[in-house]
Structure formats: C-alpha cells, structure tokens
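What follows is one structure encoded as structure tokens, with my remarks underneath.
The values are calculated or read from the model by the stated rules, or taken from the named source; none is laboratory data. In this text, all values refer to a predicted model and were calculated from it rather than measured experimentally. Cβ sites come from the backbone with ideal geometry, for glycine too, and all protein chains shown count toward neighbours. The area values use the complete protein model at the heavy-atom level, side chains included, leaving out ligands, DNA and RNA. Shrake-Rupley method; radii C 1.70, N 1.55, O 1.52, S 1.80 Å.
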Amino acid sequence: MAEPVQTPQAFSPRIFSGIQPSGGLTLGNYLGALKRFAEKQNEGIETIYCLVDMHAITVWQDPAKLRQQTREAAAAFIASGVDPARSILFNQSQVTAHAELAWIFNCVARMGWMGRMTQWKDKTAGKDTENASLGLFAYPALMAADILAYKATHVPVGDDQKQHLELTRDIAMKFNNDFGVNYFPITEPMIEGAATRVMSLRDGSKKMSKSDPSDQSRINLTDDADTIAKKFRKAKTDPEPLPHDLDGLKDRPEARNLVNIYAALAGITPEKVLEDHGGAQFGAFKPALADLAVSVMGPITAEMNRLMQDAAEIDRILGEGADRANAIARPIVDQVYDIVGMIRSRPV
Ligand code: AMP
Ligand code: TRP
C-alpha cells in the first residue's frame, strides 16, 4: 500500500459512527457504542451518528420490522444520552450522498480487499456464497462512504469493526493516490475501554450479538429487570471463585467477560472490580452484577419505551438530522464527482 498522502491532523476533527437497525440492540451495543457516543458529545468535537438502514438490508429485513427497529434504535440512542440537538442523528437512506459515494468506492476498492474481510467470511461460513447478496460483499465500501462523506477523522466502534476501518483507510489512501489529491482524511478508529468486545453469556468465545439465535446469549435493551437477572444467573461460568487480579482471569473467558461488563457498567476498571469482588463465588457476584445492570439499564429501557410512544416525533428528529447531515455531505460528494471527472452542469 502507498504511503498516506494526508494525515488526519490536517482535517478538522469530526466523529462519525453507525449502528445497523437489523434487530433489537444489546448490552454489547450499549457498552461498546451507545454509551461512548454520548460521552463523545462532551469532548467538544462535532458528533454524527447514523442508523445504517442500507447496511441492514444486505441481509433480508422484513420492511415493517426494519421501520420499527430503526425507530427503536433511534430511541435507544436518545435514551442512552445522545442529544439530537448536540449531535446529528439520522438514518442513512435519507442522505443520498452515502449511496452515491459508495458507488465511487466500489470502483476504488478491490475484490481481493473485500474477500479478506473476516465479517464477510464469518457471515458466509459454511454457506453458499453464490446466494449471498452482492451488497453484503460490498458492505465495507458503503461503510467507508458513510465515514468519508463527512471527512470524519475519528470513528468510535467496538473491536469487531477494526478491520472495516482499516479498509476505510485503504480506500481513502487509494482514492487520494489515484487522483493525486489530499481529499480524504485517514480516519482513526477509537476502540477504548473495558467493553470493546462484550461476549455472549452462553459462550465466552463468541461476541454478544443481536443476530445470535439464542436470546439467552444476550441482554437486550428492551429486557425487563427479571429477564436481566435471570440471564445473568444462567450465564455460563466456571466453578472457581473470582480471582484477585487480572492474571487470574487468563483462560477464563466467561469470568473475564462478566468482570468486564461489571467494570463498564460501573465506570471502573476491571482491576478495581477484582479488588472489590476477588474471592467471591459466582453465586454472589452474578446477583450483584444483575442489580448493577438493572440500575443502569432500567432507566434507559423506560425512556426508550416512552419515546417509542411517539413515532412521528422520532421520524421528525431523524428528518432534521438528515437535513443537517446532507448539508455537510452534499458538497463533499459533489466535489468527489468533480475530482473523478464527471460533468456537473449545474453549479455546486
Ligand atoms: P452492529 O450492531 O453490528 O451494527 O454494531 C454497532 C456498534 O456496536 C459497533 O460499533 C460495534 O462494534 C458495537 N458492538 C456490537 N456488538 C458488540 C459487542 N458484543 N461488544 C462491544 N461492541 C459491540
Ligand atoms: N459496520 C458497522 C457494524 O456492523 C456499522 C457501520 C456502518 C458503521 N457504517 C459505519 C460503524 C460507519 C462506524 C462507522 O457495526
């Protein structure tokens, strides 16, 4: 790969991130993404958050459910502290710049790059790739377009998105090199904290995911207090008590996961959790974790339910966010057409 022709320092800092409204959101989405999105609003950098409905349809989505899930995800953002007055919050399909830039990037990115994406390989593992959608294969080019349509410099995500962000950097570098411009920033991923990879409650080697067939594997943002307590009580663990330091969590993925979840929910380090709970049996630690989770998630779930009563208001917020997003992305993508050599008959 060629050397970067532009460093992000030359671009004014701007944060962009996205979540797929392809199912109910989980505690993994909350700790790995939503909670951090809300915190970023206080760092004095412009924040843009997107419900990526066009990514969601790379696998089949029932139209009525997609609409419902998009509103629910918007409610989850707001309930988690993302303030639509301070951040731009919208759904992707309402800003056409994303699809337009994605096409250009489909022509910049190489088949080989896409074929190496572990998410593509995981999602098609053991299946007939002949039958996977072309959109699923091209998914990372649309993600790069999401980010670069705003020349975003920083992208907070969970650990699973690291490779997609490397590809975004490769696309930006290749575009800059191919056209001899310093147009796109080389975006920095922000993967921080104890909960960059929240694991399944049933299997410490798999990430907690809204698409896992077992509902027991995850805490949904819509789960009530009883369900949360039950799921933590039944979470897979080993028979040993909690250790007193991080070394003692080696080769104990399920125990490590519960400690990390506790730390992220309490806003303390995993070391501190072990200082306080080292020596405890899971019989005692799990109820403490469940109580903590209910005290943090309960108000968020209640606020989500309240917001969901007024779908028209959610749609209004998304529309307003889309207008503000479009005002940034439109001129950036218009200039891309110009760089690429496409005739623009009307002044931009
Ligand atoms: P997705 O649900 O795949 O659209 O992911 C939306 C955001 O949540 C991305 O930043 C992911 O990295 C993050 N995320 C999803 N699942 C997890 C998890 N189990 N642990 C931490 N972050 C996650
Ligand atoms: N691919 C991301 C995920 O599944 C979602 C996403 C789409 C995204 N576009 C993005 C995340 C842009 C960050 C920035 O989690």
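Quick look at the numbers
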| read-out | value |
| --- | --- |
| From LYS162, LYS210, residue being touching a strand residue (DSSP E or B) at 6+ places or on another chain (Cβ under 7 Å), surrounded by 17 or more Cβ atoms within 10 Å (Cβ to Cβ), in contact (Cβ under 8 Å) with a residue 24 or more places away in the chain and not assigned by TED's automatic domain parsing to the domain that holds VAL273 | LYS210 |
| Filtered residues of the range 85-133 (kept if in a helix (DSSP H, G or I) and open to solvent by less than 20 Å² (accessible area, probe 1.4 Å)) | GLN92, ALA97, HIS98, LEU101, ALA102, ILE104, PHE105, VAL108, MET114, THR124 |
| Hey, ASP178 crowded, with 17+ Cβ neighbours inside 10 Å, acidic (Asp, Glu) and away from ligand 2 (no atom under 12 Å from the Cβ) or not | no |
| Which listed residue is open to solvent by less than 40 Å² (accessible area, probe 1.4 Å), within 14 Å of VAL336 (Cβ to Cβ), among the small types (Gly, Ala, Ser) and modelled with pLDDT of 95 or more, from ALA141, ALA152 | ALA141 |
| Output for the range 43-77, where each listed residue is in contact (Cβ under 8 Å) with a residue 60 or more places away in the chain, assigned to a loop (DSSP other than H, G, I, E, B) and surrounded by 17 or more Cβ atoms within 10 Å (Cβ to Cβ) | VAL52, ILE57, THR58 |
| Filtered residues of the range 266-318 (kept if β-branched (Val, Ile, Thr) and touching a residue at least 60 places away in the same chain (Cβ under 8 Å)) | THR269, VAL294, ILE300, THR301, ILE314, ILE317 |
| Lone qualifier among ASP226, ASP178, ASP238, ASP247 - being part of a loop (DSSP other than H, G, I, E, B), away from ligand 1 (no atom under 15 Å from the Cβ) and acidic (Asp, Glu) | ASP238 |
